[in-house]
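J.: Have a look at the structure that comes next, please.
Derivation of every value follows stated rules applied to the coordinates shown; laboratory data play no part. Just so it is clear, the structure is predicted and the values come from calculations on it, not from any experiment. Glycine gets a Cβ as well: all are built from the backbone with ideal geometry, and neighbour counts include every protein chain shown.
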Amino acid sequence: MRLLVLCTHNSARSQMAEAWLKHFARELGVALEVHSAGTEKSFVKEEAKQVMAEVGLSLEGHTSKTLEEVPDPWNFDLVLTLCHEAEAACPAYPAKTARRHVPFPDPTGKPLAAWREVREGLRRLARFLVERLREGDLPSEAELREAARP
């Protein structure tokens, strides 16, 4: 299965989600190819790197990229948008592509506690999603939103 995480700048939320999804796919033995991208190119924020390093996941070497920079950008089984801007700008995909929108607040400019809250919500979301994919099931948007809550 190929999964794309899409956000506005691919600088924080989508980067953290990509790291969590890859982590849980390895941990749970799920064949999952994960990419992240933004509707605009930016840079990976230091706060995102810091809060992920706190839980042992490195974002070093991650770069912000647009959809056009992702391998085979029009061939994803699931596109997961994490902010309203990305959902609105998300291009139309073929009928076989499932889309889910689970918005998270942008922690930019906020204390590290806000970054950690987003990190933990993304952790819950990623673990739930990968567990369900392992069972051969694609959860609904409502189920994903519920899983992300504390």
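J.: Order of 11-21, 70-80 by packing, highest average Cβ count within 10 Å first?
T.: Values: 11-21: 27.5, 70-80: 16.7.
Ranked from most to least packed, the peptides come out as 11-21, 70-80.
J.: Next question. In deg cm²/dmol, rounded to 500, what helix-only [θ] at 222 nm does the chain give when every DSSP H run of at least 4 residues adds -39500 (n - 2.57) and the total is split over its residues? Let's see the in-between values first.
T.: On the way: 5 runs with 61 residues, N = 150.
Result for the chain: -12500 deg cm²/dmol, rounded to the nearest 500.
J.: For the chain, compute the number of Lys pairs whose alpha carbons are separated by less than 25 Å, excluding pairs fewer than 8 positions apart on the same chain.
T.: 14
J.: Which listed residue (Ala98, Gly61, Gly109) has the Cα farthest towards the positive end of the charge dipole for the range 40-150, taking +1 on Lys and Arg C-beta and -1 on Asp and Glu C-beta about the Cα centre?
T.: Gly109
J.: Calculated from the structure, percent of Cα pairs over 28 Å apart equals which of (i) 15; (ii) 10; (iii) 61?
T.: From the options (i) 15; (ii) 10; (iii) 61, the structure gives (ii).
J.: So who's got an amide H within less than 5 Å of the one on Arg99, skipping anything under 5 residues away but keeping other chains? H placed 1.01 Å off N, in plane.
T.: When sequence neighbours closer than 5 places are left aside, the close amide H contacts are Val79.
J.: So, one more: Enumerate the helices in the chain for which the Kyte-Doolittle hydropathy averages -0.5 or more and the C-alpha atoms extend at least 24 Å along the helix's axis, using complete DSSP H runs. Spell out each step's value before the answer.
T.: Numbers: long enough: 112-134 (32 Å, -0.33).
Result, helices passing both filters: 112-134.
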